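Structure first, then comments.
The values are calculated or read from the model by the stated rules, or taken from the named source; none is laboratory data. It should be emphasised that the depicted structure is a prediction, and the values quoted were computed from it without experimental measurement. A quick note on method: Cβ atoms are made from the backbone with ideal geometry, for glycine too, and the neighbour counts reach across all protein chains shown. The protein model used for the area step is the full one, side chains on, heavy atoms only, and it has no ligands, DNA or RNA in it. Shrake-Rupley method; radii C 1.70, N 1.55, O 1.52, S 1.80 Å.
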Amino acid sequence: MIVATGATGNVGRPLVRALVESGEQVTAVSRRISAGEVPAGARPHRADLTEPERLKPALDGAKALFVLTSGDFMAAGGDLGAVLDAVRTSDVRRVVLLSSQGVGTGDHPSAPEDAVRASGLEWTMLRPGGFHSNALQWADTIRARREAAAPFGDVALPTVDPDDIAQVAAVALREPGHEGKVYELTGPAPVSPRQQTAAIGDALGEAVRFVELTRTAARERMPAFMPEPVVESTLDMLGAPPAALRRVSPDMERVLGRPARTFADWAARNVSAFA
């Protein structure tokens with residue numbers, strides 16, 4: 001059995017689906033989850049990582065654990081070490097952590113990775129860049145007036161499809177050979193906010209206007225969809241990204257045997273969110 005935390009999120013939901021489709025028994029963990037939110041074959045379990053004791057029943061008989069530390073967990077001062085203490089008392093021997101590309105550049109805290117490395121468990125780190133699905137922050141304004149707003153409109157980064165992240169996580173959880181590996185996960189090519197807006201317009205079959213925000217205006221909006229402690233460092237990375245964040249990583253194709261999916265592909269599959 002495999003346990004997936006953050007099971008109702010952008011990565012957790014497709015991960016649970018991928019694991020079930022591969023024939024695995026899955027326990028899907030989230031703070032608020034019901035049987036109707038998981039595919040047939042998965043078992044829902046309500047738990048908050050800030051209370052590790054509530055996670056323990058989900059770990060009975062499990063061989064691997066996917067760990068996603070949410071913004072709320074970080075904001076509450078959550079201790080991943082305490083979570084891993086609970087994990088060590090179970091049969092789980094493999095942990096796959098959803099980390100961040102910013103850890104590798106020193107722009108995001110390394111504490112979650114440090115805790116996993118110190119746990120004594122087999123581990124794999126996934127370090128994605130920005131998600132294609134971050135564009136969902138524009139859904140309301142695109143639906144209302146065909147408009148998207150973001151800072152640094154022409155700075156391009158190789159954002160990544162959450163479904164692709166989930167596929168890599170599924171492989172690392174199920175198959176040997178990924179222990180002690182750190183995978184940087186990017187899309188196949190850099191894409192700017194202005195280009196993303198155009199791709200959504202193409203998917204809709206209608207023009208969508210792009211509005212460039214000032215850094216101050218962006219700072220005011222960002223805590224609505226990311227942890228407050230990483231807002232400034234994220235703005236730094238978006239505005240003047242180092243070469244390491246602009247680079248397209250080969251890790252996705254190495255693990256999955258196919259190229260990462262483009263933003264245009266993601267927009268076409270998710271066009272209903274903007275219609």
**Prompt:** Pick from segment 130-168 the residues that are among the hydrophobic types (A, V, I, L, M, F, W, C) and within 10 Å of the chain's Cα centre (by Cα): which of them is surrounded by the fewest Cβ atoms within 10 Å (Cβ to Cβ)?
**Reply:** F131
**Message:** Quick check on my filter: what residues within segment 101-129 are under 18 Å from E228 (Cβ atoms), open to solvent by less than 40 Å² (accessible area, probe 1.4 Å) and in contact (Cβ under 8 Å) with a residue 60 or more places away in the chain?
**Reply:** G102, H108
**Prompt:** Which residue pairs have Cβ atoms closer than 7 Å, lie 6 or more positions apart in sequence or on different chains, and pair a first residue in segment 166-179 that is more than 27 Å from S133 (Cα to Cα) with a second residue that is surrounded by fewer than 21 Cβ atoms within 10 Å (Cβ to Cβ)?
**Reply:** E179/E122
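Quick grid of which residues meet (1) in a helix (DSSP H, G or I); (2) without any contact (Cβ under 8 Å) to a residue 12 or more places away in the chain; (3) within 30 Å of F73 (Cα to Cα):
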| site | (1), (2), (3) |
| --- | --- |
| D202 | yes, no, no |
| R219 | yes, no, yes |
| T234 | yes, no, yes |
| V248 | no, no, yes |
| P259 | no, no, no |
**Message:** So, P223, is that one in a loop (DSSP other than H, G, I, E, B) and either in contact with a strand residue (DSSP E or B) (Cβ under 7 Å, 6 or more places away or on another chain) or open to solvent by 20 Å² or more (accessible area, probe 1.4 Å) (or both) or not?
**Reply:** no
**Request:** Go through the residues of segment 7-14 one by one and say whether even a single one is touching a residue at least 24 places away in the same chain (Cβ under 8 Å) and over 20 Å from Q167 (Cβ atoms).
**Result:** no
**Item:** Top-ranked residue of segment 12-39 - restricted to ones that are part of a helix (DSSP H, G or I) and of a type in the set (D, E, K, R), ranked as nearest to S133 (Cα to Cα)
**Value:** R13
**Fill in**
Of L49, L65, the only residue that is within 26 Å of G23 (Cβ to Cβ), open to solvent by less than 40 Å² (accessible area, probe 1.4 Å) and either touching a residue at least 60 places away in the same chain (Cβ under 8 Å) or out of contact with any Leu (no Cβ under 6 Å at 6 or more places or on another chain) (or both) is L65
